[in-house]
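One structure below.
The values are calculated or read from the model by the stated rules, or taken from the named source; none is laboratory data. The structure displayed is predicted, hence computed values, not measured ones. Cβ coordinates were reconstructed from backbone atoms using ideal geometry, including for glycine residues, and neighbour counts include every protein chain displayed.
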Amino acid sequence: MIQSMTGYGKSVLQLPTKKITIELKSLNSKNLDLNVRIPQYYREKELAIRKKLASSLERGKIDFSIYIESNGGELSSNINESVIREYMKQLKNVVDSDEIELLKMAIKLPDSLKQEREELDEQEWLKIEKTIEETTTKINEYRLDEGKVLKKDFELRILNIKNLLDKVIEIDPQRVIQVKEKLRKAVAELETKIDENRFEQELIYYIEKLDITEEKVRLKNHLEYFLKALNSSDSNGKKLGFITQEIGREINTIGSKSNFAEMQKFVVQMKDELEKIKEQNLNVL
């Protein structure tokens, strides 16, 4: 079953001192483009997060975020007394003010407060890790749902191309007759005596060069192969991309050989359907 690279997942973990929100967004990309935004408190776990996300999501432009709403806080602040006294001493030489005003100014300056971080609680991290897994499950379910929508659209486009190919096959004999008539008319207008046997040989050779039997067979096979790949157990957007290239090659060859306005019309419609497939395939994992 194909998956879309577009997805969204969100989970909330409520702890005694804080609420942790984990959010995942993904868009289409040729490779894995992973952007991780986490608080400094969890920075040591960034590599583990990246490995987990790469394994679960495989490909796409991924934005991962951890947001914290603190109730008690894991950071405690203490006054840096020596630094504040030095600030007040220097400020006294600059402004004429009492001790209280000097203290108010000094406390706002850099390094006036010392922040001491508590060590990361491994039990807490295990809960966060589980929540990350829940979020990746949600985004993968979203991707699967989007993939079902893409699959229906692909099947419709492939069916449209098949129907157009049937029309091409149906009018092909008419095309050959018209090409022969055009050539005979052009020769007749020359008002020159020709060798009928030689003309017939040249006509056969020319018609053979315009023959699209192989292209019709190959195009039909490529369309069937696309549907088979679409229904495989894995999601492989790159493989589908390769097949669409082959489909496009056969359609283009039919167009270049057609030499018949009615057939060209069907070829243009096939190209239009194929372009829609290519555009949608950019979103497939």
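Worth a mention:
- If the condition is being of a type in the set (Ser, Thr, Tyr), within 30 Å of residue 277 (Cβ to Cβ) and outside any strand (DSSP E or B), then the range 1-50 contributes 6, 29.
- Whenever a residue of the range 43-61 is more than 16 Å from residue 134 (Cβ to Cβ), its partners that are assigned to a helix (DSSP H, G or I) and β-branched (Val, Ile, Thr), lying with C-beta atoms within less than 9 angstrom and at least six residues away or across chains, give the pairs 45/128.
Conditions tested, residue by residue: (1) under 22 Å from residue 206 (Cβ atoms); (2) loosely packed, with under 15 Cβ neighbours inside 10 Å; (3) within 19 Å of the chain's Cα centre (by Cα).
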site: 235; (1), (2), (3): no, no, yes
site: 246; (1), (2), (3): no, no, no
site: 254; (1), (2), (3): yes, no, no
site: 258; (1), (2), (3): yes, no, no
site: 270; (1), (2), (3): no, no, no
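- Residue in the range 12-27 that is acidic (Asp, Glu), within 16 Å of residue 129 (Cα to Cα) and exposed (fewer than 13 other Cβ atoms within 10 Å of the Cβ) present: no
- The one condition from (1) surrounded by fewer than 13 Cβ atoms within 10 Å (Cβ to Cβ); (2) free of Cβ contacts under 8 Å to residues at least 60 places away in the same chain; (3) not small (Gly, Ala, Ser) that residue 282 does not meet is (2).
- Check on residue 65, without any contact (Cβ under 8 Å) to a residue 60 or more places away in the chain, in a loop (DSSP other than H, G, I, E, B) and surrounded by fewer than 17 Cβ atoms within 10 Å (Cβ to Cβ): no
- Cβ-Cβ under 6 Å pairs, at least 6 apart or on other chains, the range 159-186 side assigned by TED's automatic domain parsing to the domain that holds residue 253 and crowded, with 17+ Cβ neighbours inside 10 Å, far side aromatic (Phe, Trp, Tyr) and assigned to a helix (DSSP H, G or I): 164/266; 168/266
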